[in-house]
1. Rounded to whole Hz and in sequence order, give me ³J(HN,Hα) for region 105-115 from the Karplus expression 6.51 cos²θ - 1.76 cosθ + 1.60, θ = phi - 60°, writing x for Gly and Pro.
2. Taking amide H positions as placed in the peptide plane 1.01 Å from N, state which residues far from Ser275 in sequence (5 or more) or on other chains have amide H under 5 Å from it.
3. Which whole-number percentage describes the relative contact order of the chain, with Cα contacts under 8 Å and a sequence gap of 6 or more?
4. Against the globular-protein guess of 2.2 N^0.38 Å, express the Cα radius of gyration of the chain as a ratio, rounded to two decimals.
5. What residues qualify as long-range amide H neighbours of Thr185, i.e. H under 5 Å apart, gap of 5 or more or another chain, H built at 1.01 Å from N?
6. With an 8 Å Cα cut-off and a minimum separation of 6 or more residues, compute the relative contact order for region 115-256 in percent.
7. Mind putting a number on the dipole of region 115-256 about its Cα centre? Charges go on the C-beta only, +1 for Lys and Arg and -1 for Asp and Glu, and I need it in Debye to the nearest 20.
8. Project the alpha carbons of region 115-256 onto their principal axes and report the range along each, largest first, in whole Å.
Amino acid sequence: MKLAIIGGDGIGPEVVDVAMNVLKAIAPKNEFEYESTPFPFSAAHFLETGHILDDADIAELRKFDAIMLGAVGGLPNDPRLAGGVIEKGILLKLRFDLDQYINLRPVTLYPGIETPLKDKTSEHINFVCVRENTEDLYCGLGGIVRKGTPQEVSNQTMVSTRFGVERCIRYAFELAKTRDRKHLTLVHKTNVLNFAGDTWLRAFQEVAEEYADVETGYHHVDACCMFMVAKPEVYDVIVVPNMFGDIITDLGAAIAGGMGIASSGNLNPDGVAPSMFEPVHGSAPDIAGQNLANPIATIDSLGLLLRETGRIKSDPEAIKCGEQIGAAVKLVTPKFSGKNLDRSGYGTDEIGRMVIDAMGG
Ligand code: NAD
């Protein structure tokens with residue numbers, strides 16, 4: 001398997017290094033062969049060279065089976081990075097150009113991790129969000145006129161194509177079919193967004209007819225926020241448009257223990273371009289270079305990379321490595337019991353070592 005590695009900024013390269021050490025330890029045991037190639041794309045690289053990420057870079061990345069990304073972004077108030085230059089220039093360009101149309105985010109409370117939701121355990125918090133990743137308000141459709149005047153007008157348009165919506169919903173049904181509960185909830189705001197919502201709801205209902213074994217439900221996004229906090233056990237798989245998905249998956253990360261634990265994948269499930277995997281957190285400039293970052297979210301994202309890319313490329317050794325990494329993380333998380341995950345007192349490298357030990361060294 002050919003892996004492109006984008007460490008990025010801040011703690012990004014630190015947590016990715018630790019995750020790649022985990023892979024180095026587990027790969028030979030499963031006869032899994034891989035090569036990894038580093039790429040410099042980051043805010044720091046942009047500030048140093050003026051280069052962000054162009055079409056030639058995308059063509060180069062297409063040659064890989066998957067991309068492992070740490071985090072990109074400099075200091076939040078740096079005026080040289082204003083206007084979302086890095087977010088649009090790197091993250092959105094990768095997702096859009098490589099047609100990574102699913103954003104997959106597991107929300108699982110691991111053993112030993114404390115949730116702010118009193119009385120909820122790993123039994124209650126165990127669902128996956130399937131977020132549409134290439135449409136909606138993220139298309140950049142809209143504009144601003146008479147800027148800076150009292151007559152200023154701006155608009156930003158929500159885009160839902162039947163093609164884009166349906167392929168995302170199909171992925172979610174396929175995923176739900178493989179899980180024990182086989183339950184899928186559509187989250188939208190159909191009562192107010194009655195055009196975009198209508199496209200989603202009809203596609204959902206029509207595709208549902210092909211999946212008699214999957215039970216379905218619908219929640220408005222505001223009700224979903226309430227349920228995620230009050231009764232997260234109602235969810236198994238959630239399918240959701242891009243903007244609402246961005247918001248509810250951060251809430252998901254919070255109830256499952258915080259940013260240090262939240263993993264994600266930007267998937268091109270058809271395998272025509274590489275998928276990209278990354279922790280949900282950013283580059284955390286406040287703790288960069290201090291061996292303080294928790295690498296669990298990145299290690300778990302690497303596990304997801306191996307399982308998903310292994311499935312797409314029919315590579316059983318990769319799937320085995322991914323499953324062993326996932327299992328090892330669940331053996332390590334009880335050691336965080338009662339601790340703040342983001343400031344656990346364990347060093348970044350020490351946590352990596354704990355995962356390698358849990359896999360048998
Ligand atoms: P952040 O996620 O980087 O940090 C928020 C807080 O969480 C900080 O206090 C940080 O110390 C802590 N934290 C984050 N990850 C941690 C970890 N693994 N272990 C321990 N503590 C951790 O968010 P931010 O401060 O809003 O953003 C910093 C930079 O990251 C910005 O430039 C932003 O644009 C960028 N960013 C990038 C991505 C991405 O690459 N996908 C995502 C979010 C933010």
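Here, each number is a calculation from the coordinates, and none is a lab measurement. Remember, predicted model here, so these are calculated numbers, not experimental data. Ideal geometry is used to build each Cβ from the backbone, glycine not excepted, and the neighbour counts take in all protein chains shown.
1. 9, x, 10, 10, 7, 7, x, x, 8, 8, 9
2. Answer set, sorted by chain and number: Ile67, Asn268.
3. Details: 734 pairs, mean separation 87.1, N = 361.
In percent, rounded to a whole number, it is 24.
4. Details: Rg = 20.1 Å, N = 361, 2.2 N^0.38 = 20.6 Å.
Relative to the 2.2 N^0.38 Å estimate, the chain comes out at 0.98.
5. Gly217, Asp236, Val237, Ile238, Val239
6. On the way: 223 pairs, mean separation 53.2, N = 142.
Taking the mean separation of contacting Cα pairs over the length of region 115-256, I get 37 percent.
7. On the way: 15 positive and 20 negative charges, 65 e Å.
In debye, rounded to 20, region 115-256 gives about 320.
8. 55, 38, 23
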